[in-house]
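Take this structure, written in structure tokens, and hold onto it; I'll ask about it next.
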Amino acid sequence: MSVQGSLDQQWARVRGRLKDEVGETAYRSWLKPLTVGSLDGGQLRILVPTRFMRDWIRTHYADRIRALFSGENPGVQTVEIVVASAARPDNTPPANDMPAVTTPVQAAPKPEPVTELVIEPSPSLVVVEDRTDEMSAPLDPRFTFENFVVGKPNELAFAAARRVADAQAVPFNPLFLYGGVGLGKTHLMHAIAWAIRKKDPSRRVIYLSAEKFMYQFIRALRFKDTMAFKEQFRSVDVLMIDDVQFISGKDSTQEEFFHTFNALVDQNRQVIISADKSPSDLEGMEERLRSRLGWGLVADIHPTTYELRLGILGQKADRIGAKVPPKVLEFLAHKITSNVRELEGALNRIVAHAELVGRAITLESAQDVLHDLLRASNRRVTIEEIQKKVAEHFNIRLADMSSARRARAVARPRQVAMYLAKQLTQRSLPEIGRKFGDRDHTTVMHAVRKVDELCGTDPAFAEDVELLRRMLEG
Ligand code: ADP
Ligand code: MG
């Protein structure tokens with residue numbers, strides 16, 4: 001067998017192991033798109049489609065890939081993660097290849113070109129005689145499955161949505177998606193509609209907000225046209241009603257909704273509902289409707305995690321072709337935790353500003369631009385928070401902040417945390433020492449000096465410390 005052939009086989013086994021280790025979701029987001037390149041003098045090249053993925057894989061998975069791969073093939077000594085179409089050996093420091101903001105990311109072919117999407121409404125939604133166009137709200141072309149970043153908080157909702165879109169027969173009815181504002185409910189519903197349309201344009205899909213449903217219904221009442229209104233809905237294949245909490249307390253609309261809903265479910269048509277609460281928590285909703293809504297699959301979307309926020313930012317930056325240094329993405333993912341809409345808004349502001357002034361995006365410029373946004377979350381920092389952030393950042397256990405371990409891998413982060421505690425809080429050296437496993441104040445003093453000194457000699461280290469300081473301070 002050819003060398004490449006056996007490398008591919010080894011890679012397949014390594015990927016299998018990685019998948020078991022990291023789980024399906026992380027595997028799909030990060031590891032599945034990787035391919036194996038050449039093995040040259042002990043250095044194995046792993047190819048990734050985008051720059052962002054390269055950085056992420058380097059920090060999160062490269063060591064593990066190397067360990068597993070050298071288990072398969074002792075000839076593998078080091079692993080280099082390379083952007084697929086980069087012709088040059090990709091070891092130039094990122095600072096050098098991050099010039100103007102507007103330059104498209106050439107070295108990063110996007111895995112799912114957005115342009116492939118057919119945006120024209122399919123006939124099923126514009127047939128005028130049956131007035132479906134009046135019924136269905138327009139779909140956002142960006143809200144596709146391809147553009148949806150999957151992570152722990154939304155993997156169930158995503159899987160359920162995909163299932164509904166792909167299934168031949170109705171898998172569960174209704175699909176009830178719920179979660180806080182800005183977490184992707186509407187995005188998933190549109191994605192389902194796009195996917196169904198693409199696969200089978202003859203299926204009739206109606207998407208509308210509960211408010212619009214209500215409005216249509218009231219209008220039909222006024223024009224004494226409720227029969228036609230009912231027929232409209234009862235002849236669709238897939239009905240999606242977004243933000244159904246809006247019809248809480250509106251009794252006649254609820255009643256109508258309930259009948260429509262039952263009729264569709266009885267005919268085995270797919271119904272998809274979203275709300276900001278679970279069915280049982282929907283106040284002002286009739287009991288029989290509440291319980292009916294919970295009959296199918298109820299999938300909740302949890303608040304985002306840091307990892308998911310970073311993934312979304314990376315995808316979004318790649319998609320708009322903006323060069324945003326990974327540090328800035330990390331900074332945003334740490335600071336803007338409310339919801340994805342705000343996160344996207346912040347990224348857009350930074351990119352727009354950089355384009356306007358014609359300068360590259362930096363941590364400083366990002367912080368400037370988002371000044372008002374960040375001030376809202378500004379407050380006093382505690383030593384515990386510092387320890388937590390620093391431990392997260394360096395990927396060590398929080399307990400090691402106060403443990404007796406002296407290995408460099410934990411001692412250095414601990415020193416950084418002590419340093420930041422000195423800088424960012426009013427605590428005295430002995431107080432800080434006590435919080436770090438009852439260490440002496442001279443240990444803290446030593447840490448402060450050591451970190452100062454390293455910042456002067458090691459720019460990468462200095463940048464890390466600076467990033468942490470900014471994240472903690474806002
Ligand atoms: P909701 O309907 O839950 O209030 P939306 O679906 O409108 O939230 O999402 C708000 C914004 O965040 C949209 O621009 C959407 O594309 C984006 N978004 C939310 N979740 C994700 C995700 N997992 N991946 C990519 N974009 C997301
Ligand atoms: Mg919504």
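Test of understanding: among Val150, Val181, which residue is within 13 Å of ligand 1 (Cβ to nearest atom), in contact (Cβ under 8 Å) with a residue 40 or more places away in the chain and touching a helix residue (DSSP H, G or I) at 6+ places or on another chain (Cβ under 6 Å)?
On inspection, the qualifying residue turns out to be Val150.
Any chance you could count how many residues in the range 190-219 are in contact with an Asp or Glu (Cβ under 6 Å, 6 or more places away or on another chain) and within 16 Å of ligand 1 (Cβ to nearest atom)?
3
Follow-up question, since we're still on this one. Scan the range 252-266 and give yes if some residue there is part of a loop (DSSP other than H, G, I, E, B) and out of contact with any helix residue (DSSP H, G or I) (no Cβ under 8 Å at 6 or more places or on another chain), otherwise no.
No, the range 252-266 contains no residue that is part of a loop (DSSP other than H, G, I, E, B) and out of contact with any helix residue (DSSP H, G or I) (no Cβ under 8 Å at 6 or more places or on another chain).
For the range 313-341, enumerate the residues that are in contact with a helix residue (DSSP H, G or I) (Cβ under 8 Å, 6 or more places away or on another chain) and either open to solvent by 40 Å² or more (accessible area, probe 1.4 Å) or within 16 Å of ligand 2 (Cβ to nearest atom) (or both).
Across the range 313-341, the qualifying residues are Gln315, Arg319, Ile320, Lys327, Glu330, Thr337, Val340.
Can you pull out the residues in the range 49-67 that are at pLDDT 85 or above and open to solvent by less than 10 Å² (accessible area, probe 1.4 Å)?
Once the filter is applied, which keeps residues that are at pLDDT 85 or above and open to solvent by less than 10 Å² (accessible area, probe 1.4 Å), the range 49-67 yields only Ile65.
Quick check on my filter: what residues within the range 176-199 are away from ligand 2 (no atom under 13 Å from the Cβ) and either modelled with pLDDT under 90 or more than 20 Å from Met135 (Cα to Cα) (or both)?
Hits for the range 176-199 are Phe176, Lys199.
Is it the case that some residue within the range 157-169 is on the phi < 0 side of the Ramachandran plot and within 10 Å of ligand 1 (Cβ to nearest atom)?
Looking through the range 157-169, at least one residue is on the phi < 0 side of the Ramachandran plot and within 10 Å of ligand 1 (Cβ to nearest atom).
Could you check Ala165 against (1) without any contact (Cβ under 8 Å) to a residue 40 or more places away in the chain; (2) surrounded by fewer than 21 Cβ atoms within 10 Å (Cβ to Cβ); (3) away from ligand 2 (no atom under 16 Å from the Cβ) and say which number it fails?
(2)
Could you please find all residues in the range 282-312 being of a type outside the set (A, V, I, L, M, F, W, C), open to solvent by 10 Å² or more (accessible area, probe 1.4 Å) and within 16 Å of ligand 1 (Cβ to nearest atom)?
Hits for the range 282-312 are Asp300, His302, Pro303, Thr304, Thr305, Tyr306, Glu307, Arg309.
Now for a separate question. Condition first: in a loop (DSSP other than H, G, I, E, B), over 24 Å from the mean Cα position of the chain (by Cα) and touching a residue at least 40 places away in the same chain (Cβ under 8 Å). Now tell me which residues in the range 184-203 satisfy that.
Matches in the range 184-203: Pro201, Ser202, Arg203.
Separate question: Taking the range 342-359 as the region of interest, how many residues are among the hydrophobic types (A, V, I, L, M, F, W, C) and within 16 Å of ligand 2 (Cβ to nearest atom)?
Residues flagged as among the hydrophobic types (A, V, I, L, M, F, W, C) and within 16 Å of ligand 2 (Cβ to nearest atom) within the range 342-359 amount to 1.
Moving on. Looking only at residues that are open to solvent by 30 Å² or more (accessible area, probe 1.4 Å) and either modelled with pLDDT of 95 or more or assigned to a loop (DSSP other than H, G, I, E, B) (or both) in the range 133-148, which one is nearest to Val22 (Cα to Cα)?
So the residue we want is Glu146.
The values are calculated or read from the model by the stated rules, or taken from the named source; none is laboratory data. A quick note: this is a predicted structure, and the numbers were derived from the prediction, not measured. Note that each Cβ is placed from the backbone with ideal geometry, even for glycine, and that neighbours are counted across all protein chains shown. When the accessible area is computed, the model is the full protein with side chains, heavy atoms only, and any ligands, DNA or RNA have been set aside. Shrake-Rupley method; radii C 1.70, N 1.55, O 1.52, S 1.80 Å.
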